[in-house]
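Participant: First, the structure itself, so that you have it in front of you.
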Amino acid sequence: MSRTLLSVERIDARHGLLQAVREVSLTVVEGETLALVGANGAGKTTLLRTIAGAHRPAGGRIVFDGEDVTHVPAHRRVRIGIALVPEGRKLFPELTVEENLRVAAAAGRPGCWTVDAVLEAFPLLQPLRRKRAASLSGGEQQATAIGRALMTNPRLLLLDEVSLGLAPVAVEGVYRSLATLVETGTTIVLVEQDLGRALGVASRVVCMLEGRLVLEGRAGELSREQVTEAYFGLEAGAR
Ligand code: ATP
């Protein structure tokens, strides 16, 4: 029986008066890849940021490895192994690739991820090690952002729309590297707009609609049609 690493228990999250996440509960077991899908504004980013401690929930609990972390600040969640790759990457533009990686190492846990290990997992970064982040392409920046999160040696990696704004070839590269991470047993929660990609990489899929979880299942057992219906809030057969 796999071990539960993360439990999200009836989480409510707001932006002012707007309730972006409504009583969402889900669990993530060690070693699995969970894809979180849903239309624009469904609440995926808010939920991911709440798990990372970047957004304070209005209700509910987040339990990580048996510890209630609901009120633990984001920087301490990094120390216990929760790392977020935010939408838009948010690198230090004036620092080099290597410097961006090293800065993160100081914030995280000790472990096997080093600069060399990241460069091995993301070969496209090898010749760019001493280049400033601002000078990189979108795909190269995304690889650096994922590498930066890995440098904290996370037990849970949260990825927010890693393919957003990338050329198809760059998306391919990023997903190839993600597949390697999945194979090595990294536990991942991934927000992805592209259903095909989500179903391809994930072991389990949950779909959000207007702040609620409306569908959950193993990737191999859900049809694309079922996920599409949940995504757009269509009744089965109503299209
Ligand atoms: P997207 O794919 O567009 O990022 P999402 O599923 O990640 O969508 P969220 O970004 O979590 O959804 O947004 C959920 C709701 O909260 C939306 O109605 C959005 O407009 C609103 N929202 C998100 N961030 C803020 C904010 N900083 N201030 C006010 N409202 C916000």
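Participant: Mind telling me which of the residues 34, 6, 101 ends up being away from the ligand (no atom under 16 Å from the Cβ), surrounded by 14 or more Cβ atoms within 10 Å (Cβ to Cβ) and under 27 Å from residue 140 (Cβ atoms)? Don't jump to the end; show me each part of the working.
Facilitator: Values: 34 fails: away from the ligand (no atom under 16 Å from the Cβ); 6 fails: under 27 Å from residue 140 (Cβ atoms).
After ruling out the rest, the residue left standing is 101.
Participant: Within segment 40-60, track down each residue that is more than 6 Å from the ligand (Cβ to nearest atom), within 18 Å of residue 16 (Cβ to Cβ) and part of a helix (DSSP H, G or I).
Facilitator: Matches in segment 40-60: 47, 49, 50.
Participant: Report, ordered by the first and then the second residue, all pairs with beta carbons closer than 6 Å, sequence separation of six or more or different chains, a first member in segment 152-169 that is charged (D, E, K, R), and a second member that is not in a strand (DSSP E or B).
Facilitator: Correct list of pairs: 155/81; 160/45; 160/48; 160/86; 160/87; 161/87.
Participant: Picking from 190, 199, 215, which residue would you name as being hydrophobic (A, V, I, L, M, F, W, C), in contact (Cβ under 8 Å) with a residue 60 or more places away in the chain and farther than 18 Å from residue 30 by Cα? So that I can check it myself, show each step before the final result.
Facilitator: Working: 190 fails: farther than 18 Å from residue 30 by Cα; 215 fails: in contact (Cβ under 8 Å) with a residue 60 or more places away in the chain.
Unique residue meeting the criteria: 199.
Participant: Related question: Search segment 118-137 for residues being without any contact (Cβ under 8 Å) to a residue 40 or more places away in the chain and touching a Leu at 6+ places or on another chain (Cβ under 8 Å), and hand back the single one that is farthest from residue 175 (Cα to Cα). Break it down stepwise before answering.
Facilitator: From segment 118-137, those without any contact (Cβ under 8 Å) to a residue 40 or more places away in the chain are 118-120, 123, 125-132, 135-137; that's our starting set.
Keeping just the survivors that are touching a Leu at 6+ places or on another chain (Cβ under 8 Å) gives 118-119, 125-126, 128-129, 132, 136.
On the way: 118: 15, 119: 15, 125: 15, 126: 17, 128: 19, 129: 20, 132: 23, 136: 18 Å.
The qualifying residue farthest from residue 175 (Cα to Cα) is 132.
Participant: Identify, from the list 63, 21, the residue that is near the ligand (Cβ under 8 Å from one of its atoms), assigned to a strand (DSSP E or B) and open to solvent by less than 70 Å² (accessible area, probe 1.4 Å). First the steps, then the outcome.
Facilitator: Details: 63 fails: near the ligand (Cβ under 8 Å from one of its atoms).
Every option except 21 fails the conditions.
Participant: Sticking with this structure for a sec: Hey, can you tell me all the residues within segment 80-98 that are surrounded by 15 or more Cβ atoms within 10 Å (Cβ to Cβ) and of a type outside the set (A, V, I, L, M, F, W, C)?
Facilitator: Listed by number, the residues that qualify are 81, 86, 87, 89, 96, 98.
Participant: Only one of (1) over 14 Å from the mean Cα position of the chain (by Cα); (2) modelled with pLDDT of 85 or more; (3) not polar (S, T, N, Q) is not met by residue 155, so which one is it?
Facilitator: Among (1) over 14 Å from the mean Cα position of the chain (by Cα); (2) modelled with pLDDT of 85 or more; (3) not polar (S, T, N, Q), the lone unmet condition for residue 155 is (1).
Participant: Right, next: Consider residue 49 carefully, then state whether it is within 20 Å of residue 155 (Cα to Cα) and either open to solvent by 10 Å² or more (accessible area, probe 1.4 Å) or charged (D, E, K, R) (or both).
Facilitator: yes
The values are calculated or read from the model by the stated rules, or taken from the named source; none is laboratory data. Not measured: the values here are computed from a predicted model. With ideal geometry, Cβ positions are generated from the backbone for all residues, glycine too; neighbour counts draw on all protein chains shown. Note: areas computed on protein heavy atoms with side chains; ligands, DNA, RNA excluded. Shrake-Rupley method; radii C 1.70, N 1.55, O 1.52, S 1.80 Å.
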